[in-house]
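Colleague: I am attaching a structure below and will ask some questions about it afterwards.
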Amino acid sequence: MILDPALTQPCTLAEMLIAALQRHAGKPAFIDDERVITYAEIGERVGQAIEVFRTLGLVPGDAVVQLVGNRSEAFVIMMACYVHGLRSVALQTLGGEDDQAFIIDDAQARLVLVDATYQARGVALQTRCGQAARWFSHGPAQGFDDFWALARTQVAQPLVCHGGAEDVIRLAYTGGTTGRPKGVMLSNRSLVTYTLLVQAGIDWPQDVRLICTTPISHAAGSLILPTLLRGGLVVLQRGFDADAFIDAFERHRCNVTFLVPTLVYALLDHPRTRRTDWTEMHTLIYSAAPMAPVRVREALQVFGPCLVQLYGQTEAPNCVLALTQREHLLANDERLASAGRPLPGLSVALLDDTGQPVAANGGSHAIGEICVRGPLLMSGYWGQPELTAQAFEGGWLHTGDMAWRDAQGYLYIVDRKKDMIISGGFNVYPKEVENVLTAHPAVAAAAVIGVPDAKWGEAVKAFVTLRPGHSTDEATLIALVRRAKGAVHTPKSIELTETLPLTALGKIDKKALRARYWSGSSRGVN
């Protein structure tokens, strides 16, 4: 007997959400600006939002774009999109107007929702992107109709899911090689896989209380549904402030969070941190960029046995590799530099430029590109079949990250393929230099790039920020790298700076650093 394929289709993300709302109806789901919102109330608002979608004529496959901060209404709109079979699109609130306008047009938005905080930018975008069918605001905002004033007049119907496993329900825009963002198509299949993997791959507390301080429209938001499936509570903050983070952690006894490394560093360097009892913190996930091993060790000493590293990318959302709490505790200093091992259900290979596996477990630490297969992967790039074909060349997703694998299967990322410096014919991976620099007790963070050099082609240059109350000099840091890595990796110059440029998601912005030296060249705009 041949089974009907419909019998074995995976469920949708919306079906998982509806099950959580029904199972935990009477419990608090969100604390949002001190408002307590129950699971039942979230379900009611999702239903009302869907009725507004219907009155506006939105049909499955249409795009809904949001320019919004961390508020429960943003999550409700995302979930309403998933239930109704729409494509949810989030703009980076700190992104540039040109990129935001491009995304609205490229996604073929039928509805745009603007947080009142970003009213001025919303007006500018509305002027530029008139083809989007309707514009609304989250709450009162001059120049926009209030979406929720209309939603409150609607009678929510029982939630009924539209769409199947391969329907694209999210367009997540990421940096493009042409300088324009590209839309990563994420299906129910991909996002359900992520939700299951992240629950299986790391250790969660019994009673989850998640604090979201980074944008829920991006990586932090991917932890909300796993939290709700467990009947947990989500505490929303409008942005990162160390004092506000500690206050909320203590007041609500939060035990799970997501932070990019730059925010972990900021928290470690804050004067209140070492006076705070972090016993309640069970799972502190750091991701989005490498974290210096010396600071990982410091974080373990300060926050306790709670650290989890997740490695992924938008095209394979968030969880290709994991270094769990237990693995952090058992790790030596070298292992702390690892990004972890593949999560179950995914195939991960290190391939060379010809698409062949590099030598396995060699003492030479053979480096290859991390390539991935499995149900987690994106469906491709929106409207860009040539880029999609490149990304999936040879039947693997090519991540662009270079790594080596040890005998126990742990992967060590040496850097982005495009960030590799070729100096005098030798390959220099900036992360290796950055790890040496951040091992100095005075160094808070470091960024290494290649700059044009008449003799070497590219010269290694480092930018360094210092910890409060500490000092060092360029010569000392150059000597440190020379002793640890040799002449090829040693920076020709080091610039001590008070701050490093960050992207909208809190990563160190090497594109901005390179642009100072590679103006007009492809090296500066990658």
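The values are calculated or read from the model by the stated rules, or taken from the named source; none is laboratory data. None of these values were measured; they are calculated from a predicted model. Methodologically, a virtual Cβ is constructed for each residue, glycine included, from the backbone with ideal geometry; neighbour enumeration extends over all protein chains shown. Note: accessible area is taken over every heavy atom of the protein model, side chains too, but ligands, DNA and RNA are not part of it. Shrake-Rupley method; radii C 1.70, N 1.55, O 1.52, S 1.80 Å.
Colleague: Would you check if M378 is touching a Ser or Thr at 6+ places or on another chain (Cβ under 9 Å), part of a loop (DSSP other than H, G, I, E, B) and free of Cβ contacts under 8 Å to residues at least 40 places away in the same chain? Give the steps one after another, and end with the answer.
Modeller: Numbers: touching a Ser or Thr at 6+ places or on another chain (Cβ under 9 Å): yes; part of a loop (DSSP other than H, G, I, E, B): yes; free of Cβ contacts under 8 Å to residues at least 40 places away in the same chain: no.
Judged against the criteria, M378 is not a match.
Colleague: Still on this structure: Quick one: is R54 over 16 Å from A156 (Cβ atoms), out of contact with any Leu (no Cβ under 6 Å at 6 or more places or on another chain), open to solvent by 20 Å² or more (accessible area, probe 1.4 Å) and of a type in the set (K, R)?
Modeller: no
Colleague: Here is a follow-up. Name the residue, out of P205, P181, that is under 30 Å from A512 (Cα atoms) and touching a Gly at 6+ places or on another chain (Cβ under 9 Å). Working first, answer last.
Modeller: On the way: P205 fails: under 30 Å from A512 (Cα atoms).
P181 is the lone residue from the list that is under 30 Å from A512 (Cα atoms) and touching a Gly at 6+ places or on another chain (Cβ under 9 Å).
Colleague: Inspect all residues belonging to the stretch 36-43 and state whether any of them is part of a strand (DSSP E or B), within 24 Å of L150 (Cα to Cα) and open to solvent by 20 Å² or more (accessible area, probe 1.4 Å).
Modeller: We begin by selecting, within the stretch 36-43, every residue part of a strand (DSSP E or B); these are 36-38.
Next, only the ones that are within 24 Å of L150 (Cα to Cα) stay: 36-38.
Next, from what is left, pick out any that are open to solvent by 20 Å² or more (accessible area, probe 1.4 Å): 36, 38.
Within the stretch 36-43, one or more residues are part of a strand (DSSP E or B), within 24 Å of L150 (Cα to Cα) and open to solvent by 20 Å² or more (accessible area, probe 1.4 Å).
Colleague: Among all residue pairs at least 6 apart or on different chains, which show Cβ distances below 6 Å where the first residue, located in the stretch 53-74, is part of a strand (DSSP E or B) and the second is aromatic (F, W, Y)?
Modeller: Close Cβ pairs satisfying both conditions: L67/Y118.
Colleague: Determine, yes or no, whether L111 is buried (at least 23 other Cβ atoms within 10 Å of the Cβ) and over 21 Å from the mean Cα position of the chain (by Cα). Step through it out loud before you land on a result.
Modeller: Working: buried (at least 23 other Cβ atoms within 10 Å of the Cβ): yes; over 21 Å from the mean Cα position of the chain (by Cα): yes.
Criteria met by L111.
Colleague: If you don't mind, there's one more thing I want to ask. Kindly indicate which of A266, A242, A248 is at pLDDT below 95, within 22 Å of P305 (Cβ to Cβ) and either under 17 Å from the mean Cα position of the chain (by Cα) or of a type in the set (A, V, I, L, M, F, W, C) (or both).
Modeller: Values: A242 fails: at pLDDT below 95; A248 fails: at pLDDT below 95.
Step by step, each of A266, A242, A248 is checked, and only A266 is at pLDDT below 95, within 22 Å of P305 (Cβ to Cβ) and either under 17 Å from the mean Cα position of the chain (by Cα) or of a type in the set (A, V, I, L, M, F, W, C) (or both).
Colleague: Another question, if that's okay. Collect the residues in the stretch 375-387 that are more than 30 Å from E327 (Cα to Cα) and either surrounded by fewer than 17 Cβ atoms within 10 Å (Cβ to Cβ) or not hydroxyl-bearing (S, T, Y) (or both), keeping them in residue-number order. Before you say what the answer is, go through the steps one by one.
Modeller: Taking the stretch 375-387 as the starting set, the residues that turn out to be more than 30 Å from E327 (Cα to Cα) are 379-387.
Within the stretch 375-387, S379, G380, W382, G383, Q384, P385, E386, L387 qualify.
Colleague: Moving on to the next point. Could you list, ordered by first residue, the pairs with Cβ atoms under 9 Å in which the first is in the stretch 449-465 and outside any strand (DSSP E or B) and the second is buried (at least 18 other Cβ atoms within 10 Å of the Cβ) and hydroxyl-bearing (S, T, Y), at least 6 apart or interchain?
Modeller: From the stretch 449-465, the pairs are W456/S423.
Colleague: Also: Where residues in the stretch 389-415 are more than 26 Å from P290 (Cα to Cα) and without any contact (Cβ under 8 Å) to a residue 24 or more places away in the chain, which of them is surrounded by the most Cβ atoms within 10 Å (Cβ to Cβ)?
Modeller: Here the residue is A389.
Colleague: What number goes with the only condition from (1) closer than 18 Å to L186 by Cβ; (2) in contact with a Pro (Cβ under 9 Å, 6 or more places away or on another chain); (3) open to solvent by less than 60 Å² (accessible area, probe 1.4 Å) that C319 does not pass?
Modeller: Checking C319 against (1) closer than 18 Å to L186 by Cβ; (2) in contact with a Pro (Cβ under 9 Å, 6 or more places away or on another chain); (3) open to solvent by less than 60 Å² (accessible area, probe 1.4 Å), the one that fails is (2).
Colleague: Among the candidates L346, L336, which residue alone is among the hydrophobic types (A, V, I, L, M, F, W, C), at pLDDT below 95 and surrounded by fewer than 23 Cβ atoms within 10 Å (Cβ to Cβ)?
Modeller: Values: L346 fails: at pLDDT below 95.
Sole residue among the options that is among the hydrophobic types (A, V, I, L, M, F, W, C), at pLDDT below 95 and surrounded by fewer than 23 Cβ atoms within 10 Å (Cβ to Cβ): L336.
Colleague: Condition first: closer than 30 Å to T388 by Cβ and touching a residue at least 60 places away in the same chain (Cβ under 8 Å). Can you find one or more residues in the stretch 240-260 that meet it? Please lay out each step first, then the result.
Modeller: In the first step, residues of the stretch 240-260 are kept if they are closer than 30 Å to T388 by Cβ; the result is 258, 260.
Checking the rest, the ones that are also touching a residue at least 60 places away in the same chain (Cβ under 8 Å) come to 260.
The answer is yes; a qualifying residue exists.
Colleague: All but one of (1) in contact (Cβ under 8 Å) with a residue 24 or more places away in the chain; (2) over 22 Å from the mean Cα position of the chain (by Cα); (3) over 18 Å from R170 (Cα atoms) hold for C11; state the number of the condition that does not hold.
Modeller: (3)
Colleague: Can you tell me which residue is nearest to Y82 (Cα to Cα) among those in the stretch 14-35 that are open to solvent by 80 Å² or more (accessible area, probe 1.4 Å) and either hydrophobic (A, V, I, L, M, F, W, C) or touching a residue at least 40 places away in the same chain (Cβ under 8 Å) (or both)? If you could, list the steps in order and put the result at the bottom.
Modeller: Restricting attention to the stretch 14-35, the residues satisfying the condition of being open to solvent by 80 Å² or more (accessible area, probe 1.4 Å) are 15, 22-23, 27, 33-35.
Next, from what is left, pick out any that are either hydrophobic (A, V, I, L, M, F, W, C) or touching a residue at least 40 places away in the same chain (Cβ under 8 Å) (or both): 15, 23, 27, 33.
Values: E15: 9, R23: 19, K27: 22, D33: 25 Å.
Within the stretch 14-35, the match that is nearest to Y82 (Cα to Cα) is E15.
Colleague: Would you be able to tell me the number of residues in the stretch 163-211 that are open to solvent by 30 Å² or more (accessible area, probe 1.4 Å) and in a helix (DSSP H, G or I)?
Modeller: Final tally of qualifying residues: 4.
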